[in-house]
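To keep things clear, I will list the structure first and then write my remarks on it.
The values are calculated or read from the model by the stated rules, or taken from the named source; none is laboratory data. Only a predicted model underlies this, so the values are computations on that prediction, with no experimental measurement involved. Cβ: placed from backbone, ideal geometry, glycine included. Neighbour counts: every protein chain shown. Surface areas here come from the heavy atoms of the whole protein model, side chains and all, with no ligands, DNA or RNA. Shrake-Rupley method; radii C 1.70, N 1.55, O 1.52, S 1.80 Å.
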Amino acid sequence: MAEEPERLIAEDGTRLDGRKPDELRPLRIQAGVLKRADGSAYLELGSNKIIAAVYGPRELHPRHKQKPDRAVIRFRYNMAPFSVDERKRPGPDRRSIEISKLSKEALEPALFTEYYPRTAIDIFVEVLQADAGTRCAGITAASVALADAGIEMKDLVAAVAAGKVDGHIVLDPMYYEDGYGEADVPLAMMPKYDAITLLQMDGNMTEDEFKEAVRLAKKGCKIIYREQRRALKRKYGGE
Ligand code: UDP
């Protein structure tokens with residue numbers, strides 16, 4: 001990471017990239033970008049560039065891994081070697097295995113897995129360019145890809161982090177803010193039910209700061225949710 005900037009937030013609350021504390025980075029979502037996947041999505045959030053692909057529901061092999069009453073959800077989060085400044089060694093590592101697990105758990109409550117017994121639903125998230133907040137951006141993209149695959153869902157899952165930077169609580173920290181900030185709170189939710197499906201905290205915050213971070217992240221999720229729905233409407237009509 002480049003040298004730490006003298007300050008990350010100006011006197012008037014403006015951030016390094018010109019955003020206000022409660023502002024998301026520019027967001028763009030496109031549904032249905034891959035021909036061979038059953039569902040897919042491409043997402044840009046600031047400098048993050050992410051592809052999500054969904055395959056299934058499809059018969060699960062080996063058969064002993066099948067669940068007689070529901071689908072098995074599998075999720076793989078992967079960062080391309082060229083997605084970060086210092087080449088990332090290809091293949092899974094502890095971080096990507098953890099992110100894959102929590103992303104699956106963030107999405108599973110939204111899926112009617114019981115409609116698809118004995119099958120697998122495979123979700124792949126490929127980070128092409130990373131600039132902090134990729135686990136949340138991956139969940140947001142995967143959720144659109146699941147809907148694009150026609151999988152029955154209770155709601156879309158939207159996700160974004162909030163953080164503490166120079167003592168300020170900010171929405172959607174970018175790389176420098178994440179790296180030099182004091183804390184990071186990734187959150188995923190089903191906005192229709194106001195139901196949180198992922199909540200993590202890395203770093204230190206007071207209880208009040210944590211509450212403010214959760215409030216900001218939920219507010220960000222509602223904006224992201226609108227964009228997810230817009231992306232689906234653009235492909236399937238309605239807009
Ligand atoms: N990062 C990196 N190399 C790595 C892992 C992460 O450069 O091997 C960067 C990348 O920009 C990532 C950021 O650090 O988005 C923050 O990573 P973190 O583990 O907090 O996950 P994220 O915020 O992306 O969900």
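Where does each of TYR225, TYR236 land when they are ordered by accessible area, with a 1.4 Å probe and the largest first? Please list the in-between numbers first.
Working: TYR225 30, TYR236 130 Å².
Most to least solvent-accessible, the answer reads TYR236, TYR225.
Tell me which residues come under 5 Å, amide H to amide H, from LYS67 once H is placed; ignore anything under 5 positions away on its chain.
VAL72, ARG118, THR119
Leaving out ligands and nucleic acids, note down the accessible area per residue over the range 155-224 with a 1.4 angstrom probe, in whole Å².
Details: 2840 Å² over 70 residues.
Result: 41 Å² of accessible area for each residue.
Can you give me the orientation-averaged projected area of the convex hull built on the Cα atoms of the chain, in nm²? List each step's numbers first, then the result.
Details: hull surface 55.1 nm².
Orientation-averaged projected area of the Cα hull: 13.8 nm².
Using alpha-carbon pairs under 8 Å, 6+ residues apart, how would you state the relative contact order of the chain in percent?
21 percent.
When the accessible area of the chain is computed with all protein chains present and a 1.4 Å probe, what percentage of it is carbon and sulfur?
Solvent-exposed carbon and sulfur of the chain make up 48 percent of the total.
Please list the equivalent ellipsoid semi-axes of the range 174-239, computed as the square roots of five times the alpha-carbon gyration tensor eigenvalues, in descending order and whole angstrom.
Values: eigenvalues 161, 41, 14 Å².
Sorted largest first and rounded, they come to 28, 14, 8 Å.
I'd like the GluC sites (Glu not before Pro) in the range 1-38 restricted to DSSP loop residues with at most 10 other Cβ atoms within 10 Å, sorted by number.
Taking the range 1-38 and a limit of 10 other Cβ atoms within 10 Å, the loop GluC sites (Glu not before Pro) found are GLU3, GLU6, GLU11.
Once you have a ≥ b ≥ c as the square roots of the Cα gyration tensor eigenvalues for the range 102-239, tell me rounded if a/c is under 1.5, and otherwise prolate or oblate according to whether a/b is larger than b/c.
Cα axes put the range 102-239 in the prolate bin.
Rounded to a whole number of µm²/s, how large is the Stokes-Einstein D of the range 100-161 at 20 °C and 1.002 mPa s, given Rh as the Kirkwood radius over C-alpha pairs? Please list the in-between numbers first.
Numbers: Rh = 12.2 Å.
Diffusion coefficient, whole number: 176 µm²/s.
Just for the range 67-220, what percent of DSSP beta bridges are antiparallel, to the closest 5? Before the final figure, lay out each step's value.
Details: 19 of 27 bridges.
DSSP beta bridges in the range 67-220 are roughly 70 percent antiparallel.
Can you list which of the GluC sites (Glu not before Pro) found in the range 68-158 are DSSP loop residues with at most 11 other C-beta atoms within 10 Å? Can you show the working numbers first?
Values: sites: GLU86, GLU98, GLU105, GLU114, GLU126, GLU152; in loops: GLU86, GLU152.
Of the GluC sites (Glu not before Pro), the ones in loops of the range 68-158 whose Cβ has at most 11 other Cβ atoms within 10 Å are GLU86.
Please compute the modelled spin-label separation between GLU59 and ARG7, points set 7 Å along Cα→Cβ, answer in nm with one decimal.
Going by the 7 Å Cα→Cβ label model, 6.5 nm.
Hey, what's the range 56-145 come to in accessible area per residue, 1.4 Å probe, Å²?
For the range 56-145, the solvent-accessible area averages 52 Å² per residue.
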